[in-house]
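Notes follow the structure.
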Amino acid sequence: MIDKGSSQSSVFVKNKNSLIDSLSEKAIWRIRKFASNDDYIQGKFFEESIIKGNILLNEGINTIWTLVAGGSATPFNNANSYLGVGDSSAAESASQTGLQATTNKLYKAVDGGYPTYGTNQKITFRATFSGSEANFDWNEFTVANGNSDSAVNLNRKVSSQGTKISGQIWELTLEITLS
């Protein structure tokens, strides 16, 4: 399944010299679905979804600026980064502070070696959900610096991606590019 469409956030600032400065954020989510652990080991996925866009959440933006300025905040590093999935289809809003699902949600620690960052103006997060994890409708996605809605969530995306069933392994990747 491939979600068609695109989304890109941009900010334009006109300075006193009439030059235009801009900042653009582009997010791409990827879900690879494997029928079994054997298929996962062999790299044989039965479906790949590419989902473009997301909304940056206010709490995440404020934390980014705190970290950039050398302030104290929990970083989005390997020890603290979690990708979250849930079954809520509530519309995205910048004021949200996490996944909107009531019970069917899971924050999964990113895989070893993630996030990757420092080249090509991007950061990439990846988490692998085992056959016994997150077996429910996947409708919403986030990245957080902790394992619950109480952590700071950087962003949120709503997109119906089907129902993960027991035994399947789904790999979720998020790539955020600033330019």
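The values are calculated or read from the model by the stated rules, or taken from the named source; none is laboratory data. Predicted model, so just to flag it, every value in this text is computed and none were measured. Positions of Cβ are generated from backbone atoms using ideal geometry, with glycine treated the same way; all protein chains shown enter the neighbour counts. Ligands, DNA and RNA are excluded from the accessible area calculation, which covers all protein heavy atoms including side chains. Shrake-Rupley method; radii C 1.70, N 1.55, O 1.52, S 1.80 Å.
Working note: Debye formula, equal point scatterers on the alpha-carbon atoms of the stretch 85-170, no solvent; log10 I(q)/I(0) at q = 0.11, 0.18, 0.20 Å⁻¹ is -0.30, -0.81, -0.97.
Jot down the per residue volume, in cubic angstrom and as a whole number, of the convex hull over the alpha-carbon atoms of the chain. Show your work: numbers first, answer last.
Values: hull volume 23.3 nm³, N = 179.
About 130 Å³ per residue, rounded to a whole number.
If exposed means no more than 16 neighbouring beta carbons inside 10 Å and the site is in a DSSP loop, what's the longest run of the chain without any exposed trypsin sites (Lys or Arg not before Pro)?
Looking at the chain, 45-179 is the longest stretch - no exposed trypsin sites (Lys or Arg not before Pro) with at most 16 other Cβ atoms within 10 Å.
Rolling a 1.4 Å probe over the protein heavy atoms of the stretch 18-170, with every protein chain left in place, gives an accessible area that is 48 percent carbon and sulfur. Taking Thr173, Thr97 and ordering them by how much accessible surface each has at a 1.4 Å probe, largest first, produces Thr97, Thr173. Counting Cα-Cα pairs of the stretch 58-100 in 5 Å increments starting at 0 gives whole-percent bin shares of 5, 19, 21, 25, 16, 10, 3, 0.
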